[in-house]
Each structure stands twice: as structure tokens, then as C-alpha cells.
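First comes the structure, then the notes that go with it.
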Amino acid sequence: MAEETMRAVRFERYGGIEELQVTEVPRPRADPGRVVVRVMAAALNPGEAAIRSGLMHDRWPAHFPEGEGSDFAGVVTEVAAGVTSVSPGDEVLGWTDERASHAEAVSVPACQVVAKPAGVSWEAAGSLHVAGTTAWAAVRSVNLRPGDTVAVSAAAGGVGSLAVQLARRAGAAVIGIAGPGNAGWLAAAGVTPVSYGDGLADRLRAAAPGGIDAFIDCFGGGYVELAAELGVPTERIDTIIDWSAAQRAGAKMEGVAAAEDPAAVLAELADLAAAGQLVVPVARTYPLDQVRDAYAELEKRHTRGKIVLLPG
């Protein structure tokens, strides 16, 4: 019997988007303890671009030919014997730790999927794991209390757009640092928008005359140092990207890995989205064949919300 195949993204060496190929690979099977999901939506994340370029080789080396993708949402097509938590036909969202979701199907441990609420779109569901659990961990790490003021950089990006909403749910006043084109969206979410660029420190002081209590950096490039300059205690500064600056300043670096039970966090976020209490902005969607275009857009670092592949 001929082996079943599927289309999946692969790259065979470090480099730019031109290294990405959509190729035929063996279709995964439900090995013991695992399920196979037909992927309907799978978000892109900046870390995946960094891995492909080789920037993360010391931390997360690629093993060529390498796949891509962590987040996904889709329909269960196969379950291993003994798996009872899900069944074929179930709509789920989840994650893979094997860089494999940018494909028509993915195999994962059954504990890495949760039920997709009916009211959540495929695109939103397929965007939730990395950005959502990272935002959740970052907000928790700075210990927000009602009445606090927190500033968030890249506040309209994939992680930032969720972090500002979760910070608001924690009772904090939120200042969102973003481009002027995102001011309206942030204001509608109850966030005070402040444009990045020259003079930012003064604009932040004007927006928070009583001081800034906490800072969540979703962009890098000097925001950890800026937070310290503004008098934010280092234990209430968290960056999801600028690890070297955090180490120098003694700030936190809590992201997705800080969620002790990521499946429970993911289910909580999905329920909030279904209830309309968490909006997952989707900037643009692409078919799998246009993965290079999708990453080209992602790497501009100016999108509102998530960029999502639609393999299904």
C-alpha cells in the first residue's frame, strides 16, 4: 500500500523566506497517546521566523529538513487506542512542540488539544496558544493589581493585543505603545494609546502622571531600559523577547513556558474568546502555498494581531 502523504512547510537550511518550501511529506499517524488533527488554521509567530533565520540556533537548533509552526486549530481525524479525551470529528485547538503545524495535518499528544468553542473562529482558535499563553504569563509575571498602571510595547501585535486585554481584566489602567494607526483599536479596547518613537519617555510620563507600576515588553530594542528609566521596579518588568536586556537589568523573561498547565490556560482563553471577553485580532490569512508571503508580512513587525495560514 502506498504511503499517505500531505503538504507541509519545510526548510533545509537557515536563511530568509526563500528557504521555505511546501512539499509532500508522510501523513502523520496517531501513535500511542496521540491524536491526528486536520489543520484548519495555524498562526505564524516571530520566534518561528527567528528559528528559520538561524538566530535561535543556540537555544532552539533546527534539524534539517525542518518543519514550522506551533499553534493550530482543526478537526480530529484519528486517535490512538486508549485515548478517551477526544474523538474523531471533534473540533479542537492546541499546539505542537515539534514545529509541525504549518501543514495539512499534525500529530500531537492528546493532552495538547482542548475543545474549540463553537463561537470561536478557526483563525482565532489557531492563533491562541503561543500568543495567548505568552500574554497570560507576562501579565501574571508583573503582578498586576486593581489601580495599577501598566505599559505594554507592541500593544497591537500578536501578543500585545491580548496582553492589554488581560491586563484590563486584571483591573489595571493600560498604556499601549504602538503606531498611530492602531490608536483607535486600542482606545476601543479601553487602552490609552501612545505612539512609539522619539520622545516616547515624555509621552509616557504625560499619559501616567502618577507613574507606571509595571511594564510588559513585547518588542525588544530598548524597552527594558526605558522601563527602568521610568522608575518601574525591575521585578515588575517582563520582556518576552529581549533576554539579554532582561539579564542585564534583572527583569523577568516569562512567556509561554511559564504557564504551568498550558492546556488549562488555553481552554480558559478560548472560553473568554467565545464569551466575547477576549478579542483575537487576525490581521490577514494566507493559504499554505503562500507561506513565504505570510512570513514576509509577519517580518515587517507592523501587523495588528495575528497572521494565519489556512491549510484546510
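Flag not set for Gly190, criterion: open to solvent by less than 40 Å² (accessible area, probe 1.4 Å), touching a helix residue (DSSP H, G or I) at 6+ places or on another chain (Cβ under 6 Å), in contact (Cβ under 8 Å) with a residue 12 or more places away in the chain and in a strand (DSSP E or B). The one condition from (1) within 30 Å of Ser244 (Cα to Cα); (2) open to solvent by 20 Å² or more (accessible area, probe 1.4 Å); (3) within 23 Å of the chain's Cα centre (by Cα) that Ala43 does not meet is (2). Between Ala163, Ala173, the distinction of being closer than 21 Å to Pro146 by Cβ, of a type outside the set (Phe, Trp, Tyr) and within 21 Å of the chain's Cα centre (by Cα) belongs to Ala163 only. Among the residues of the range 219-251, just one is part of a loop (DSSP other than H, G, I, E, B), in contact with a Gly (Cβ under 7 Å, 6 or more places away or on another chain) and at pLDDT 95 or above, namely Gly231.
Output the residue which, of all residues in the range 61-111 that are part of a loop (DSSP other than H, G, I, E, B) and of a type in the set (D, E, K, R), is surrounded by the fewest Cβ atoms within 10 Å (Cβ to Cβ). It comes out as Asp97.
When you check Val291 against the structure, is it hydrophobic (A, V, I, L, M, F, W, C) and open to solvent by 50 Å² or more (accessible area, probe 1.4 Å), yes or no? For Val291, the condition - hydrophobic (A, V, I, L, M, F, W, C) and open to solvent by 50 Å² or more (accessible area, probe 1.4 Å) - is not met. Scanning for something touching a residue at least 60 places away in the same chain (Cβ under 8 Å), outside any loop (DSSP other than H, G, I, E, B), within 21 Å of Thr133 (Cβ to Cβ) and not small (Gly, Ala, Ser), does the range 193-215 turn up at least one residue? There is at least one residue in the range 193-215 that is touching a residue at least 60 places away in the same chain (Cβ under 8 Å), outside any loop (DSSP other than H, G, I, E, B), within 21 Å of Thr133 (Cβ to Cβ) and not small (Gly, Ala, Ser). Criterion applied to Glu12, Glu4 was being in contact with a strand residue (DSSP E or B) (Cβ under 8 Å, 6 or more places away or on another chain), farther than 30 Å from Ile241 by Cβ, of a type outside the set (S, T, N, Q) and open to solvent by 90 Å² or more (accessible area, probe 1.4 Å), and the one residue passing it is Glu4. Working only within the range 15-40, note down all residues that are part of a strand (DSSP E or B), farther than 19 Å from Gly312 by Cβ and either of a type in the set (Lys, Arg) or in contact with a helix residue (DSSP H, G or I) (Cβ under 8 Å, 6 or more places away or on another chain) (or both). Correct list: Arg34 only.
For Gly54, the requirement of being open to solvent by less than 80 Å² (accessible area, probe 1.4 Å), in contact (Cβ under 8 Å) with a residue 24 or more places away in the chain and over 21 Å from Pro109 (Cα atoms) is met. Taking the stated definitions as given, is Arg29 over 20 Å from Ile240 (Cβ atoms), in contact with a strand residue (DSSP E or B) (Cβ under 9 Å, 6 or more places away or on another chain) and either among the aromatic types (Phe, Trp, Tyr) or surrounded by 12 or more Cβ atoms within 10 Å (Cβ to Cβ) (or both)? Here the answer is yes, as Arg29 does meet what is asked.
If you check Gly184 against the conditions, is it surrounded by fewer than 24 Cβ atoms within 10 Å (Cβ to Cβ), more than 30 Å from Pro287 (Cβ to Cβ), over 15 Å from the mean Cα position of the chain (by Cα) and of a type in the set (Gly, Ala, Ser)? First the steps, then the outcome.
Numbers: surrounded by fewer than 24 Cβ atoms within 10 Å (Cβ to Cβ): yes; more than 30 Å from Pro287 (Cβ to Cβ): no; over 15 Å from the mean Cα position of the chain (by Cα): yes; of a type in the set (Gly, Ala, Ser): yes.
Answer is no for this residue.
Checking the stated criteria, Ser70 turns out to be touching a residue at least 60 places away in the same chain (Cβ under 8 Å) and hydroxyl-bearing (Ser, Thr, Tyr). Counting only residues that are open to solvent by less than 20 Å² (accessible area, probe 1.4 Å) and β-branched (Val, Ile, Thr), the range 296-312 holds 2 of them.
Annotation note: Cβ proximity below 7 Å between a residue of the range 280-300 that is under 24 Å from Leu266 (Cα atoms) and a residue that is open to solvent by 60 Å² or more (accessible area, probe 1.4 Å) (sequence gap 6+ or interchain) occurs for Pro281/Arg304; Ala283/Arg304; Tyr286/Asp293; Leu298/Pro46.
The values are calculated or read from the model by the stated rules, or taken from the named source; none is laboratory data. These figures come from a predicted structure and were not determined experimentally. Here Cβ is always computed from backbone atoms with ideal geometry, including for glycine, and neighbour counts include all displayed protein chains. Please note that ligands, DNA and RNA were not included when accessible areas were found on the heavy atoms of the full protein model with its side chains. Shrake-Rupley method; radii C 1.70, N 1.55, O 1.52, S 1.80 Å.
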